[in-house]
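Step one of this worksheet: look at the structure below.
The values are calculated or read from the model by the stated rules, or taken from the named source; none is laboratory data. Bear in mind that the values here come from a model prediction, so they are computed numbers and not experimental data. Reconstructed Cβ throughout: ideal geometry from the backbone, glycine too, with neighbour counts over all protein chains shown.
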Amino acid sequence: MTNENTKAGYGDESPIAAFATTPGNSALTLIRCSGKNSIELISSVFLSAKGKDASQFIETAGNTIVHGWIISAGEKIDEVLVSVFRAPKSYTGEDSLDICCHGGGAAGNAVMNIIKNAGFRDALPGEFTFRSFMNGKIDLTRSESVMELVSAKTDLGRRHAVSRLGGSLEKEINELKNMLVQVLAAAEIFLDYSEDEISADSDEEKAGRLPKREVAMDVLKRLKELAASWHLERIYQEGITLVIAGPPNAGKSSLFNSLLKEDRSIVTEVPGTTRDWIEAFVSIEGIPVRLIDTAGLRDSADSVEKIGIERSRKLLEEADLVLYLLNEDEINNKNTSCLSEYLYIWNKCDISPLPKPFPIQNINPISVSAKTGEGLKELYTEIISAINKQTADLKSNDRFSSASVGTVRQKKLVDAACIALEEAFALEENEEPLDLIAPLLRYAVNSLGEITGEVSTADILEEMFSRFCVGK
């Protein structure tokens, strides 16, 4: 997609079309169409199964499915079902159609070519959702939740995205913005009129301090709760990084395969088999976990293995949680440090029982056997406990269950509103005049308006929607 095409596409009413499903080995393929005269254009390449002419198709009521054929020069291309949606009762707010044709690349591509020849252009990434926003069908928080829902890795992530799609964040932001507007309006009244001309409701207002101060403080408190929710939402969306590390031949790859429940890592008795890291996603308690098997940590003269070891050490620094496998060599060198974000594991307990008492101070390893499955249930419980410790404070926030921040863009704007309010309170404490405080209140209001799209610019919208997938 070129910048020229982007500028020419977003914001116009031209008819657009895109695959809503990827053509391939499936029973069905869905093509989405929307825009001005889209129903009339499809009628020009459609033959009803009941022999109705094009004029009758054009008169089809909204929310109706029509059975027929896509045709070209009288030739039947594919048998289809066409769902007709009429403005404004459609996803985009425009006349729209969903064409359900047969699966496989040939059928879908043939239908798409006929549609484009009829007058449709390729939809830009996120253009259907962009039009939905521009036509007032959804706000920006709901728009972004569409891609969150498509990208959800676990059922819990899906549920949170659905909550925002249902308007939970929009409702919270609008409520906080309206509260701030009341504070701003009261402040501007004091700026526009003298103290003798208006009736002050409180001693603070009589003294010239920030009007409706308690309201503004409540807004700041709730905004900080929203900002804090982003950390947990990021975990639900992107997952936590769990790294399996330790010396060579400690059974890291075997444990990786056991947790993944499939053979992804090569397992041999030769130390240093894993030269680089391997990763896969698993779901643990509804949280996506990026599970990484790393190269064995040791001094090596092999240049390739050394690169893998350095990468492993870097991953250890970035990890949210580390499963560190111990063996007899680790006991003998006694260089192992006790780190809070590490779960220490004594693997291969089926052939080498856990020494008791354990010779390394302050370390109490979990005894497991990746080969026989012994101790894996207990290890899984410890992993869940470690994950829950990282998210306990955020999960205890009652407000989080009803509204949460779902994207970096939203988080930055909530932070901007918080900073503006904190600066406003700091100026008030220094007894600065309201004409210095009021612009900060307005900035906070505008930041919240930008979250929902009430305040926006074409460049911001274009950049945001261009990250969507085509067909959404």
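Numerical summary
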| quantity | calculated |
| --- | --- |
| Members of the range 409-430 that are in contact (Cβ under 8 Å) with a residue 24 or more places away in the chain and either aliphatic (A, V, I, L, M) or farther than 19 Å from Lys221 by Cα (or both) | Arg409, Leu413, Val414, Ala416, Ala417, Ala420, Leu421, Ala424 |
| Per-region count, the range 48-70, residues over 21 Å from Lys89 (Cβ atoms) and buried (at least 20 other Cβ atoms within 10 Å of the Cβ) | 1 |
| Search result, residues across the range 149-163 that are buried (at least 21 other Cβ atoms within 10 Å of the Cβ) and out of contact with any Asp or Glu (no Cβ under 7 Å at 6 or more places or on another chain) | Gly157 |
| Residue within the range 416-428 that is surrounded by fewer than 18 Cβ atoms within 10 Å (Cβ to Cβ), of a type in the set (D, E, K, R) and modelled with pLDDT of 90 or more present | yes |
| Test result for Asp276, among the acidic types (Asp, Glu) and at pLDDT below 85 | yes |
| Tally of residues being surrounded by 14 or more Cβ atoms within 10 Å (Cβ to Cβ), part of a helix (DSSP H, G or I) and at pLDDT below 50 across the range 179-216 | 2 |
| Residues of the range 431-446 satisfying the condition of being without any contact (Cβ under 8 Å) to a residue 24 or more places away in the chain and among the hydrophobic types (A, V, I, L, M, F, W, C) | Leu436, Leu440 |
| Matching residues, the range 83-113, being within 29 Å of the chain's Cα centre (by Cα) and of a type in the set (A, V, I, L, M, F, W, C) | Phe85, Leu97, Ile99, Cys100 |
| Verdict on Ile70 being free of Cβ contacts under 8 Å to residues at least 40 places away in the same chain and more than 30 Å from Glu463 (Cα to Cα) | no |
| Looking only at the range 10-39, and only at residues there that are farther than 22 Å from Ala107 by Cα and of a type outside the set (Phe, Trp, Tyr), the one that is surrounded by the most Cβ atoms within 10 Å (Cβ to Cβ) | Gly35 |
| Conditions (1) modelled with pLDDT of 90 or more; (2) over 25 Å from Pro125 (Cβ atoms); (3) outside any loop (DSSP other than H, G, I, E, B): number failed by Ala17 | (2) |
| Test for Arg264: is it of a type outside the set (Asp, Glu), assigned to a loop (DSSP other than H, G, I, E, B), in contact with a Pro (Cβ under 7 Å, 6 or more places away or on another chain) and at pLDDT below 80 | no |
| Which numbered condition Phe130 misses (of (1) modelled with pLDDT of 90 or more; (2) surrounded by fewer than 18 Cβ atoms within 10 Å (Cβ to Cβ); (3) not polar (S, T, N, Q)) | (2) |
| Some residue of the range 65-81 being at pLDDT below 95, part of a loop (DSSP other than H, G, I, E, B) and over 19 Å from Gly24 (Cβ atoms) | yes |
